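Here is the structure we will look at.
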Amino acid sequence: MVRDTLTLDSSAKINVRNLNIWYDDHHAIIDADLQIRKNNVTALIGPSGCGKSTFLRALNRMNDFIDDCVTKGSVDIDDTDIYRTQYTNVNNLRKSVGMVFQKPNPFPKSIYENVAYGPRLHRMAEDKEQLDIIVKDSLKKANLWNEVKDRLHDNAFGLSGGQQQRLCIARSLAVDPQILLLDEPCSALDPISTHAIEELILELKKSYTIVIVTHNMHQAKRISDTTAYFHLGEIIEKGSTKKIFDNPSHRKTKAYVSGDFG
Amino acid sequence: MFIWIGPKQKSSGFNEDLIKGFFRISSWITIAITFAILASLSYETIKFFTLVEPRDFFFNTTWSPQTAFRADSVGSSGEFGFIPLIWGTMFITFLAMLIAGPIGLLSAIYTSEYLKPSQRQIVKPLLEVLAGIPTVVYGFFAAIVLGPWLREMGVTLGLDVATESALAAGVVMGMMIIPLISSITDDVIKAVPSAMRDGARGIGATREETIKNIILPAALPGIVAGFIMAIARAIGETMIVVMAAGLAANLTANPLEAVTTVTVQIVTLLIGDQEFDSAKTLSAFALAFTLFVITFILNWIAYRNYKNAINRLKQ
Amino acid sequence: MQSIDLNSKLEGKRRRLQKGLEYACKSALGITALMMLTFFLALGYRGIGAFSQTQIEINVTSIESSTKSTINQSMYNLIKEPDRKTKKSLRQLVTPNAYSKIDITEVGTYVLVAHTDVDMYVKGVYNKLDEVQQVIVDNLIEQDKIYRTWNWDFWTNSDSRSPEIAGIWGAVVGTFYTIGIAILFAFPIGVSCAVHMEEFPQRKGKGWKRYRDFMEININNLAAVPSIVYGLLGLAVLINFFGMSRSISLVGAITLGILVLPVIVISARTALRTVPQHIRDASNGLGASRLQTTIYQVLPAALPGIITGTIIAIARAIGESAPLIMIGMVAFILTAPSTPMDPATTLPVQIFLWADSPERGFAEKTSAAILVLLVALVTLNLLAIWLRKRFEIKW
């Protein structure tokens with residue numbers, strides 16, 4: 001494993017150390033170390049089935065829902081290990097570390113209700129007016145407000161794929177996260193919607209820390225600052241996006257980014 | 001900026017543990033029901049077996065609980081042999097399956113292989129109508145319509161057909177079971193991957209040949225499971241036989257005669273004012289317990305095979 | 001190069017199989033259709049008579065000491081100087097209970113329900129009238145004093161010894177009480193059990209897996225247990241052990257509730273399973289606990305399916321008669337129950353009792369009651385289908 005050019009940055013928002021994850025007997029993540037910097041976009045790339053999603057899900061403990069999944073190691077967010085703390089309020093964790101999934105998954109409710117769900121859950125608004133403000137803000141931040149402001153109470157399923165995904169982003173933004181985890185958010189979308197979301201991500205990174213798993217190398221090149229290359233559960237190489245793509249150190253990385261492999 | 005990770009807090013508006021506890025208790029209730037059934041049935045059955053030898057019960061071929069009452073000693077081996085009862089049950093079930101088996105199977109083949117989806121949407125629910133008819137209605141039909149009609153037919157043909165013939169009960173029971181067989185068979189056939197069909201049609205086999213040589217063999221375990229489930233249902237059926245089958249135990253293979261079944265006897269023995277502890281009433285529980293065990297075993301085997309069949313097909 | 005032969009037909013054995021199988025399948029469906037047709041036609045034919053009732057107009061010219069005698073006297077007046085035997089024949093032209101439904105204090109014409117023998121004669125079912133009765137009846141028919149009208153008694157009366165005024169109302173009320181209470185506790189328990197099994201799998205470990213398998217087998221077995229066993233359960237536990245009284249709807253309700261519980265659990269589980277996993281993921285990802293996700297997202301989304309399944313379970317419960325017979329809901333119910341603790345019966349049991357009756361006038365009543373029951377069930381099923389189409393979420 002090649003050490004990257006980033007030094008151990010103690011101001012890293014997320015610091016993953018020695019992370020190992022098993023699904024039953026399958027060793028899915030092997031000795032992973034990674035620092036995610038604040039207000040950066042970090043891309044996790046690699047061929048399918050190499051554990052990128054598993055790694056991502058470890059960052060907000062979504063793997064807890066899977067039987068037979070064992071996690072060892074530490075994930076420090078702002079210097080607190082979210083796994084070792086005995087009384088981790090996991091629900092609060094997920095409020096602050098939001099996740100957007102591969103296939104847009106709005107709730108079968110109205111657009112308004114979708115965005116309002118999170119704030120309601122966490123009691124973030126004292127009355128309806130405050131809630132309305134939160135909903136409007138989130139939809140604006142997700143670049144969706146103008147398209148839906150006249151039909152907030154329509155069913156979310158009526159939106160196009162790209163709009164639904166932006167709705168899911170708005171939904172996560174509504175609970176005021178600090179970190180956003182995006183699991184291949186554009187793989188189910190057409191190029192135009194993809195572009196819209198990529199633009200959105202570049203805007204969002206000014207206020208949030210973003211980790212994105214992507215299959216699409218060009219996407220990683222377009223929007224990320226840091227990239228980590230995963231291969232069969234190990235992080236083979238990590239570093240600034242420019243370096244990884246233009247001048248990778250490891251031959252496996254080189255094979256992947258040049259398209260010989262995967 | 002810190003992410004606040006603090007102690008576990010009850011942030012929800014309701015008491016989580018109370019509600020989850022209610023859910024858990026609801027699950028336990030279902031276990032309690034099974035336990036109650038087993039306990040009450042076996043308790044009475046054991047009491048029964050203190051009065052009547054198990055060997056007599058299981059192997060005797062005469063069933064006339066009346067004699068036990070007439071003889072003064074309670075323990076007199078009045079005839080509690082249950083073989084004629086189980087024979088009656090199986091005989092009527094057999095007749096029912098003779099009807100329901102082929103009809104259910106062929107109907108299912110038609111609905112799953114021949115019909116367009118729009119037609120299927122109409123025909124399938126129509127078949128289900130048969131399943132929704134209350135069994136007392138079937139019993140009425142068997143006793144008041146079919147039974148006498150068969151008897152009349154018999155008279156014109158010179159045969160002696162009892163009004164409570166096994167045939168009448170069996171035919172109606174068959175009607176009731178058709179949807180059970182057809183819907184399970186349909187499910188199984190639908191589960192056969194289209195890749196198999198395509199493979200056969202692709203080399204020029206006709207639809208019928210594909211069905212006969214490829215699909216049915218693949219679906220067979222599931223179909224058999226469906227048949228077993230139907231048999232279990234027929235064995236446990238009460239109203240049709242109470243109304244249309246006879247009351248006297250009869251070890252015969254003639255469908256034109258009347259036979260009695262396990263379920264009929266259970267009902268007959270418990271209706272009316274009996275002392276709860278007499279051998280008669282207790283025998284009903286012994287019968288019910290046996291019935292419970294038999295249907296449990298059959299359904300377990302069938303369900304397991306059905307699940308396995310579907311899983312294997314899905315691969 | 002040989003060209004592809006597109007024109008020749010199938011030959012011999014292959015053709016026979018092709019034609020034969022299709023023909024066999026169609027015949028199977030045809031036979032089924034024929035059976036169903038015969039079934040419904042036979043019922044309809046036998047039952048249609050019960051919807052009309054024969055009524056008789058009497059002329060009251062003198063008021064006697066009681067309504068009963070008044071009615072009797074007006075019947076005697078139809079024949080000059082009737083002897084004792086004739087008087088009896090005349091009396092029996094009117095339903096035996098006529099005097100209890102009406103108070104005759106003035107002279108005039110009154111309409112009463114005719115006796116079942118007259119009813120059956122008019123409807124052409126059988127003729128048990130003696131000579132005197134026959135003559136009188138034919139006369140009265142010609143004078144339009146005996147005629148058939150819509151049988152309201154069938155709908156508003158409870159059971160009776162006289163088939164001409166017997167009705168299903170008592171049984172209908174009993175059915176409502178019994179099924180209503182049964183669902184009242186089977187629904188919440190059933191849905192909770194389903195939620196527990198689907199949304200809160202137990203902790204990891206081999207022991208827990210065995211527990212889950214056991215629950216699975218248990219529920220599936222309970223759904224397949226013959227209904228009569230539930231009747232025995234009710235008999236042994238509720239009546240024998242707890243000493244509850246026989247033939248009250250509360251006992252029937254508990255028994256039916258237990259019977260229908262596994263069905264509700266299974267259909268609720270299926271409904272819960274159709275909710276895609278990604279909805280749960282989205283909710284959990286926003287920081288909701290499992291319970292919150294279940295209550296706020298999963299259950300509402302699964303609700304249409306759960307309700308549809310419950311309605312179908314209700315339809316099944318309504319048709320059950322064997323367990324209720326076992327626990328004794330076979331009493332002769334003269335008035336509709338007013339509380340769940342009153343003796344009651346349900347419509348299918350009523351049908352069973354009437355079918356057993358030697359009185360021939362009950363034959364048409366039984367068929368008619370069956371028709372009512374079937375219509376109710378069809379309506380319920382259509383309701384379930386409509387609900388599902390209207391409210392189901394297309395993922």
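The values are calculated or read from the model by the stated rules, or taken from the named source; none is laboratory data. Keep in mind it's a predicted model, so treat the numbers as computed, not measured. Here Cβ is always computed from backbone atoms with ideal geometry, including for glycine, and neighbour counts include all displayed protein chains. Side chains included, ligands, DNA and RNA excluded: accessible areas come from the protein's heavy atoms. Shrake-Rupley method; radii C 1.70, N 1.55, O 1.52, S 1.80 Å.
Looking only at the stretch C:196-206, decide whether some residue is surrounded by fewer than 18 Cβ atoms within 10 Å (Cβ to Cβ), touching a residue at least 24 places away in the same chain (Cβ under 8 Å) and over 30 Å from C:F154 (Cα atoms). Don't jump to the end; show me each part of the working.
Filtering the stretch C:196-206 for residues surrounded by fewer than 18 Cβ atoms within 10 Å (Cβ to Cβ) gives C:200-206.
With touching a residue at least 24 places away in the same chain (Cβ under 8 Å) added as a condition, the list becomes C:200.
Checking the rest, the ones that are also over 30 Å from C:F154 (Cα atoms) come to C:200.
Yes, some residue in the stretch C:196-206 is surrounded by fewer than 18 Cβ atoms within 10 Å (Cβ to Cβ), touching a residue at least 24 places away in the same chain (Cβ under 8 Å) and over 30 Å from C:F154 (Cα atoms).
Report the residue count in the stretch B:273-294 for those that are modelled with pLDDT under 85 and at the interface with chain C (Cβ under 10 Å from one of its Cβ atoms). Give the derivation first.
Our first condition is that a residue be modelled with pLDDT under 85; within the stretch B:273-294, this holds for B:273-281.
This time we only want the ones that are at the interface with chain C (Cβ under 10 Å from one of its Cβ atoms), so: B:276, B:281.
Residues meeting the conditions: 2.
Does A:S207 fit the bill of being part of a loop (DSSP other than H, G, I, E, B), more than 16 Å from A:K52 (Cβ to Cβ) and among the hydroxyl-bearing types (S, T, Y)? Spell out how you get there, then give the answer.
Details: part of a loop (DSSP other than H, G, I, E, B): yes; more than 16 Å from A:K52 (Cβ to Cβ): yes; among the hydroxyl-bearing types (S, T, Y): yes.
Criteria met by A:S207.
Residues of the stretch C:281-303 being open to solvent by less than 30 Å² (accessible area, probe 1.4 Å), more than 7 Å from chain A (Cβ to nearest Cβ) and either closer than 24 Å to C:I183 by Cα or of a type outside the set (A, V, I, L, M) (or both), which ones?
Result: C:S283, C:T293, C:T294, C:V298, C:A302.
Matching residues to (1) open to solvent by less than 50 Å² (accessible area, probe 1.4 Å); (2) of a type in the set (K, R):
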position	(1), (2)
C:D5	no, no
C:R14	no, yes
C:A28	yes, no
C:A50	yes, no
C:T70	yes, no
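(1) under 23 Å from B:F48 (Cβ atoms); (2) assigned to a helix (DSSP H, G or I): which one isn't true of B:L251, the others all being true?
(2)
If a residue has to be part of a helix (DSSP H, G or I) and of a type in the set (D, E) to count, how many in the stretch A:119-168 make the cut?
Start the filter on the stretch A:119-168 by keeping residues that are part of a helix (DSSP H, G or I), which leaves A:119-121, A:128-141, A:145-148, A:156-158, A:161-168.
Applying the additional criterion that residues be of a type in the set (D, E) yields A:129, A:132, A:137, A:147.
Qualifying residue count for the region: 4.
Which one is nearest to the other protein chains (Cβ to nearest Cβ) among residues in the stretch C:338-395 that are part of a helix (DSSP H, G or I), open to solvent by 30 Å² or more (accessible area, probe 1.4 Å) and charged (D, E, K, R)?
C:D356
Please work out if B:T263 is within 14 Å of another protein chain (Cβ to nearest Cβ), within 12 Å of the chain's Cα centre (by Cα) and not in a loop (DSSP other than H, G, I, E, B).
On the way: within 14 Å of another protein chain (Cβ to nearest Cβ): yes; within 12 Å of the chain's Cα centre (by Cα): yes; not in a loop (DSSP other than H, G, I, E, B): yes.
Spelling it out, B:T263 is indeed within 14 Å of another protein chain (Cβ to nearest Cβ), within 12 Å of the chain's Cα centre (by Cα) and not in a loop (DSSP other than H, G, I, E, B).
Give me a count of the residues in the stretch B:39-61 that are more than 10 Å from chain C (Cβ to nearest Cβ) and either in contact (Cβ under 8 Å) with a residue 60 or more places away in the chain or loosely packed, with under 14 Cβ neighbours inside 10 Å (or both). Write out each step before concluding.
Initial filter on the stretch B:39-61 (more than 10 Å from chain C (Cβ to nearest Cβ)): B:42, B:45-61.
Restricting the remaining residues to those that are either in contact (Cβ under 8 Å) with a residue 60 or more places away in the chain or loosely packed, with under 14 Cβ neighbours inside 10 Å (or both) gives B:42, B:45-52, B:54-55, B:57, B:59, B:61.
Looking only at that region, the number is 14.
What number of residues within the stretch B:185-227 are of a type in the set (A, V, I, L, M) and open to solvent by 20 Å² or more (accessible area, probe 1.4 Å)? Show your work before the answer.
Filtering the stretch B:185-227 down to residues of a type in the set (A, V, I, L, M) leaves B:188-189, B:191-192, B:195-196, B:200, B:203, B:205, B:211, B:214-216, B:218-220, B:223-225.
Still in the running and open to solvent by 20 Å² or more (accessible area, probe 1.4 Å): B:195-196, B:203, B:205, B:214, B:216, B:218, B:220, B:224.
Number of matching residues: 9.
Pairs, please: C-beta under 6 Å, at least 6 apart or cross-chain, first residue more than 22 Å from C:F51 (Cα to Cα) and open to solvent by less than 10 Å² (accessible area, probe 1.4 Å) and in the stretch C:89-113, second hydrophobic (A, V, I, L, M, F, W, C) and not in a strand (DSSP E or B)?
That search, which allows pairs on different chains as well, returns C:L90/C:M75.
Can you say whether A:E147 is closer than 27 Å to A:K38 by Cβ and either in contact (Cβ under 8 Å) with a residue 12 or more places away in the chain or of a type in the set (A, V, I, L, M) (or both), as far as the supplied structure shows?
Working: closer than 27 Å to A:K38 by Cβ: no; either in contact (Cβ under 8 Å) with a residue 12 or more places away in the chain or of a type in the set (A, V, I, L, M) (or both): yes.
No; evaluated as a whole, the condition is false for this residue.
Provide a single number: the residues in the stretch C:192-218 that are under 25 Å from C:V275 (Cα atoms), part of a loop (DSSP other than H, G, I, E, B) and more than 7 Å from chain B (Cβ to nearest Cβ). Before you say what the answer is, go through the steps one by one.
Applying the first criterion (under 25 Å from C:V275 (Cα atoms)) to the stretch C:192-218 yields C:192-204, C:208-209, C:211-218.
Subsequent filtering for residues that are part of a loop (DSSP other than H, G, I, E, B) retains C:200-204.
If we keep only those that are more than 7 Å from chain B (Cβ to nearest Cβ) too, we end up with C:201-204.
Looking only at that region, the number is 4.
Take the conditions surrounded by 19 or more Cβ atoms within 10 Å (Cβ to Cβ) and at the interface with chain B (Cβ under 10 Å from one of its Cβ atoms) and apply them to C:I258. Does it pass? It would help to see each step written out before you state the result.
Working: surrounded by 19 or more Cβ atoms within 10 Å (Cβ to Cβ): yes; at the interface with chain B (Cβ under 10 Å from one of its Cβ atoms): yes.
So C:I258 fits the description; yes.
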